[in-house]
Every structure is written in structure tokens, then in C-alpha cells.
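Colleague: The structure under discussion is supplied below as C-alpha cells; questions concerning it will follow.
The values are calculated or read from the model by the stated rules, or taken from the named source; none is laboratory data. Predicted, not measured: the structure shown is a model, and the values here were computed from it. Note: ideal-geometry Cβ built from the backbone for every residue, glycine included; neighbour counts use all protein chains shown. Protein only, heavy atoms only, side chains kept; ligands, DNA and RNA dropped before computing areas. Shrake-Rupley method; radii C 1.70, N 1.55, O 1.52, S 1.80 Å.
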Amino acid sequence: MRVAMIGTGYVGLVSGACLADFGHHVICVDKDAGKIEALKRDEIPIYEPGLQDLVRKNVQEGRLGFTTELSEPVRAADVVFIAVGTPSRRGDGHADLSYVHEAARETATALDGFTVVITKSTVPVGTGDEVERIIREARPDADVVVVSNPEFLREGAAIHDFKHPDRIVVGTDDERARKVVAEIYRPLSLNQAPILYTARRTAELIKYAANAFLATKISFINEIADLCEKVGGDVQEVARGIGLDNRIGSKFLHAGPGFGGSCFPKDVRALIKTAQDNEVPLRILEAVAAVNESRKRAMARKVSAMFAGNLRGRTVAVLGLSFKPNTDDMREAPSLALITALQDMGALVRVFDPESMTQAESLLKDVSYCESAYDCADGADALVIATEWEQFRALDLERLHDLMACPVIVDLRNIYRPEEMSRWGFAYSCVGRTLAAPPHPGYALPTGMLSLARARAAAPSL
């Protein structure tokens, strides 16, 4: 089939490349001429494992192209996907639908023959109605059906998720449109991916409800982690104990510094605003958002607790900036609030991330960017693990110990075992777990945290 994909952001580019790989002919459209020219030069604007190879392959085989001109791809298309951004609107938290509405208006002028317009962007309930109104107002003669088909892609695993979906949600009551969507996704039939047909508004709500529920699991386990620290429990064992219950499941029960990224924060806010507008306050989600917002800065207090509350003049090394591994996405990453809070406490901050430092430069001020994890740790008073990249899971602890001015590690992702860190002589703090006994008697900090086992003679004493 002939597909026009409006938007070459995360959703649009991944979806376009995957649909082309299915055998469809896809033209991706974007107003950003610089981005389109970069894509034509085989330069991918985002980091997603496997995406560059997938784009290159389908461009070479003639199934995938890029342009800034919308009219011709839409005119020739059987299906038009709207996959533009819907960021939080400044001031009120509602989703900003200006890009969606603009795409709908421009699409309307170019429609030719029966066309299915599919909203792939994450949009509030009722957006499909507005898109249809815009198109029919501009083109009363258009033979068009507007469908909701939300995406459920995880950054870092987006290609796998697109090709092996848990479900495909299709919001339409139109039989012609259902047949077109079924043909689009026919290559997935071997994977037996279920297609769930619903009303359009229901499909829009499914997307928001899914993300809000996953965000709720994260905030829930983070609060349980706080309780574990007070009563001597282990949040990882608690998470495993409840996650083995099939009614709950183990996913998204990993305690840490809070959720971030392009989806959960803005989607939770948008769903809360939609509910308020309809006089149905979602108290649970309001608490989820509040817990997450306060948690990010609270992680800085874990670092200061290792120094009896005083970080002034201390050098803190932060490993990981992106909101999760295997992406360079810095949108609402916990590291941003963490680093700002550390700086407010008087710390000097240096950072390293395998992929996201270029994106971070416009968001973080007065930090030092390092070339490796060990370069970052060299001479640091504390090391904070903020993102669980694979390369941070097997650091040379002996080398790390020798490089640091004070062997203090604050592990916000629980990727190391307390007893292992104790054995190597680190003062170690983590999230929601009981710490091992101090390696040397007499070094306990006033906060009850472990103190360092040994430090260089030049390092300030704790």
C-alpha cells in the first residue's frame, strides 16, 4: 500500500521504517528541511537501536523516502498517518494539538480518492472528532475516514515492539477503514498480534489509560522503596514477590529516581486535565504525578546524606543522562532535576552518557562533560548512577575505587549488590534496599549510611 507518514519524530520515523520493511511504499513528510536533508544523507536524528540500518535498507530498496512537500505523498496515498508531536501545553498541562490540527488542514487540501487518515500521535479523547471536522470543513467532498491507531512503542525497543506488538488498537466503526488497516498490518498475522477494534474515542483513551497505569506502578513501587528503607525491607524482593502474581505482573516495578521521557509525564498530565475538564478528578493520577515530581530532586538528598548533608565544594560524577538506557531522549529525564538539585546544594557536577550528551548540552548548564565513565569518576567525591546503561553494570570496581577521591557510590538504579560494594570498600547507597555492614567499624555516617572504607590522604574527611 502507499503510505504518507506526516512527522519524522520518534513515532513517525520508526513507524515509517517498519511499514516500509513490511513491503509498503512509505513517504515520510516533515516541515523541518534540515531534518529531511539529514535523513536523505543517512543521518538519523534520534538514537534507537537498529533504526539506522532499517532506514538505510528500505531507502536503498526504494520503499522509503523523505520530503518536505506534503501534497503529492498525500494525494497518492491510500493511508495517511499523522504522527506529529503533542507536547504539554505551557501553563496548563493540556496536550498541545496545534501540530495535529495543522497536519489535518494540510492533508485535507491534498486528498484524492478514498483515503484513511490515521492518528498515530498520542492525543486526548475527542481529537479524532476534531480532525474529522477540520478535514470535512476544508473538503466537504473528500471520501475520507479518520481512524485512531495509537502507538505502544518503548524507546530502546521500538522496532521490536512495532513488529511484535501485544495488540493493535484500531478506533473506527467504518468497515472500509477496518479492511485498509487490516491490510496495513497483515504482515503481522504470523505473529498472531490481536487487532482490537473499538470506537475512536475508546482507542484514544486506551493509550492514555495504558501509560497512566504504567506510571502508577512506577510511583507505587518508589513509595514502597521509601518504606523499605525505613523498616528494613528490600524493595527488589518485594517487587518480585508481588510481580509473580499474574494479576500484577513484574514489569514497571523497578524502584528508582522516577519516570521521565516523552510519554509518561505529559500523558499523565493530559489525562488529569481531560478528567478535570469533564468534572471527573483522577485523584490517584494526581498523586502519581506529585510523587514523581518530588522524587527526582529528592534523589539529590541521597547524595548529600553520604556527606552529612553538606555537598558544598564536592565533585559529584553522574553516570547516565537519558531517561532510560538505549535512547538519547532527555525529555523530562530524572537526571535533569537531580543535577539541578545537586548544583543548588553547592556540588560541582560532571557527567557521562553514551548517547545523550549532545542533547543535554542545551538543557544543563555549568556541568563538565566527560569521555567515559572512568574519566567522569576520576577525582570525584561521589559517583551517582542515574541511568542503567549496560556498560555501567560491569564497571571495574577496583579501578573505580582507585580513581575516586572518596569511594562513595549512590546507585539510583540498584544495579549493584550492597555486599559486593562493601567488599570493595565503597560507601554505598541505593534505593529501597538494606545495606551491608560497614567494611570497617567506626565509619558509619550520622545518617546511618555506610561511610567510605578508605580514602586518599588528600580527600576531605567525612
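Colleague: Of the peptides 18-24, 276-282, how do they stack up when ordered by the mean number of other Cβ atoms within 10 Å, highest first? Walk me through the intermediate numbers first.
Modeller: Values: 18-24: 20.4, 276-282: 11.1.
In decreasing order of mean packing, 18-24, 276-282 become 18-24, 276-282.
Colleague: List the cysteines of the chain that have no other Cys Cβ closer than 4.7 Å: which are they?
Modeller: Flagged as lacking a Cys partner: 18, 28, 228, 263, 406, 430.
Colleague: What does the C-alpha gyration tensor say about the overall shape of the stretch 144-210? Classify as rounded when a/c is under 1.5, otherwise prolate if a/b is larger than b/c, or oblate.
Modeller: Details: a/c = 2.17, a/b = 1.25, b/c = 1.73.
Note, shape of the stretch 144-210 comes out oblate.
Colleague: What would the Debye equation give as log₁₀ I(q)/I(0) for the chain at q = 0.06, 0.09, 0.11 Å⁻¹, counting only Cα atoms as equal point scatterers?
Modeller: Debye output, listed in q order: -0.31, -0.66, -0.91.
Colleague: Rounded if a/c is under 1.5, else prolate if a/b beats b/c, else oblate: with a ≥ b ≥ c from the C-alpha gyration tensor eigenvalues square-rooted, which is the stretch 228-271?
Modeller: On the way: a/c = 3.08, a/b = 1.61, b/c = 1.92.
Taking the square roots of the gyration eigenvalues as a ≥ b ≥ c, the stretch 228-271 is oblate.
Colleague: Semi-axes of the equivalent ellipsoid of the stretch 107-147: what are they in whole Å, largest first, if each equals the square root of 5 times a C-alpha gyration tensor eigenvalue?
Modeller: Working: eigenvalues 65, 23, 11 Å².
Over the Cα atoms of the stretch 107-147, the semi-axes work out to 18, 11, 7 Å.
Colleague: Let me ask you something else. Less than 30 Å apart at the alpha-carbon level, and either on another chain or at least 8 residues along: which lysines does that give for residue 302?
Modeller: Here the lysines satisfying the reach criterion relative to residue 302 are 217, 230, 251, 266, 324, 365.
Colleague: Skip the ligands, DNA and RNA, and give the accessible area per residue of the chain with a 1.4 Å probe, whole Å².
Modeller: On the way: 20350 Å² over 462 residues.
Counting only protein heavy atoms, the per-residue value for the chain is 44 Å².
Colleague: Suppose we keep just the DSSP beta bridges with both residues in the chain; what percent of those would be antiparallel, to 5? Could the numbers behind the result be given before it?
Modeller: Numbers: 2 of 45 bridges.
So the antiparallel bridges amount to about 5 percent of the total.
Colleague: May I ask you to give the average projected area over all directions of the convex hull of the Cα atoms of the stretch 57-131, in nm² rounded to one decimal? Write out the running numbers ahead of the final one.
Modeller: Values: hull surface 24.8 nm².
One quarter of the hull surface, i.e. the mean projection, equals 6.2 nm².
Colleague: Moving on. Quantify, in whole percent, the carbon and sulfur part of the accessible surface of the stretch 221-343 (1.4 Å probe; protein heavy atoms only).
Modeller: Numbers: 2940 of 5600 Å².
Carbon-and-sulfur percentage of accessible area, whole number: 52.
Colleague: To the nearest 10 Å², what's residue 284's accessible area with a 1.4 Å probe?
Modeller: Per-residue accessible area (residue 284): approximately 120 Å².
Colleague: Another question, then. Assuming a ≥ b ≥ c are the square roots of the Cα gyration tensor eigenvalues, decide whether the stretch 237-376 counts as rounded (a/c under 1.5), prolate (otherwise, with a/b larger than b/c) or oblate. Walk me through the numbers on the way to the answer.
Modeller: Working: a/c = 1.78, a/b = 1.62, b/c = 1.09.
In terms of gyration-tensor shape, prolate.
Colleague: Go through 4-17, 380-393, 351-364 and give me the packing order, highest mean Cβ count within 10 Å leading. It would help to have the intermediate numbers written out before the result.
Modeller: Details: 4-17: 26.1, 380-393: 22.1, 351-364: 18.6.
Going from most to least packed, we get 4-17, 380-393, 351-364.
Colleague: For the stretch 1-93, just run the numbers: alpha carbon Rg, then divide by 2.2 N^0.38 Å, N being how many residues it has.
Modeller: Working: Rg = 13.1 Å, N = 93, 2.2 N^0.38 = 12.3 Å.
That works out to 1.07 for the stretch 1-93.
Colleague: Explain nothing, just the number: relative contact order of the stretch 109-239, from Cα pairs under 8 Å at least 6 residues apart, as a whole percent. Could you put the intermediate results ahead of the total?
Modeller: Values: 151 pairs, mean separation 32.3, N = 131.
About 25 percent, as a whole number.
Colleague: Oh, and also: Are there any trypsin sites (Lys or Arg not before Pro) in the stretch 78-111 that are in a DSSP loop and have at most 11 other Cβ atoms within 10 Å? List them by number.
Modeller: Numbers: sites: 89, 90, 105; in loops: 89, 90.
Sparse-neighbourhood loop trypsin sites (Lys or Arg not before Pro): 90.
Colleague: Right, another one. Using the alpha-carbon atoms, what tilt in degrees (0 to 90, nearest 10) does helix 334-344 show relative to the longest principal axis of the chain?
Modeller: Once rounded, one gets 40 degrees.
Colleague: If you don't mind, another one. What per residue convex hull volume, in Å³, comes out for the stretch 224-320 when only alpha-carbon positions are used? It would help to have the intermediate numbers written out before the result.
Modeller: Numbers: hull volume 15.2 nm³, N = 97.
Dividing the Cα hull volume of the stretch 224-320 by its residues yields 157 Å³.
Colleague: Report relative contact order for the stretch 99-147 in percent, whole number only (criteria: Cα-Cα under 8 Å, sequence separation at least 6).
Modeller: Values: 49 pairs, mean separation 26.5, N = 49.
Computed over the stretch 99-147, the figure is 54 percent.
Colleague: Take the stretch 77-203, compute every pairwise Cα distance, and split them into 5 Å bins from 0; I just need the percent in each bin.
Modeller: The distribution over the stretch 77-203 is 2, 11, 20, 22, 20, 14, 8, 3, 0, 0, given as percents.
Colleague: If you line up the Cα atoms of the stretch 354-430 on their principal axes, what length do they span on each, largest first, in Å?
Modeller: 39, 22, 18
Colleague: Of the listed peptides 248-261, 152-165, what is their order by residue-averaged count of other C-beta atoms within 10 Å, with the highest listed first? Don't jump to the answer; show the numbers that get you there.
Modeller: Numbers: 248-261: 20.1, 152-165: 17.6.
Peptide ranking by packing, descending: 248-261, 152-165.
Colleague: Only bridges whose two residues both fall in the stretch 87-243 count here: according to DSSP, what percent of them are antiparallel, nearest 5? If you can, show how the numbers build up before the last one.
Modeller: Working: 2 of 11 bridges.
Around 20 percent antiparallel, to the nearest 5.
Colleague: So, one more: Kindly express, to the nearest 10 degrees and within the range 0 to 90, the angle between helix 51-60's C-alpha long axis and the longest C-alpha principal axis of the chain.
Modeller: Long axis of 51-60 versus the principal axis of the chain: about 30 degrees.
Colleague: Using the reciprocal of the averaged 1/r over all distinct C-alpha pairs, how large is the Kirkwood radius of the stretch 341-386 in Å? Kindly include the intermediate steps, with their values, before the conclusion.
Modeller: Working: mean 1/r = 0.0889 Å⁻¹.
Kirkwood radius, the stretch 341-386: 11.2 Å.
Colleague: Something else now. Please give me, ordered by residue number, the trypsin sites (Lys or Arg not before Pro) of the stretch 268-353 that lie in loop per DSSP and have at most 13 other Cβ atoms within 10 Å. Intermediate results must be reported in sequence, preceding the final value.
Modeller: Details: sites: 269, 273, 283, 295, 296, 297, 301, 302, 312, 314, 331, 350; in loops: 312, 314, 331.
Taking the stretch 268-353 and a limit of 13 other Cβ atoms within 10 Å, the loop trypsin sites (Lys or Arg not before Pro) found are 312.
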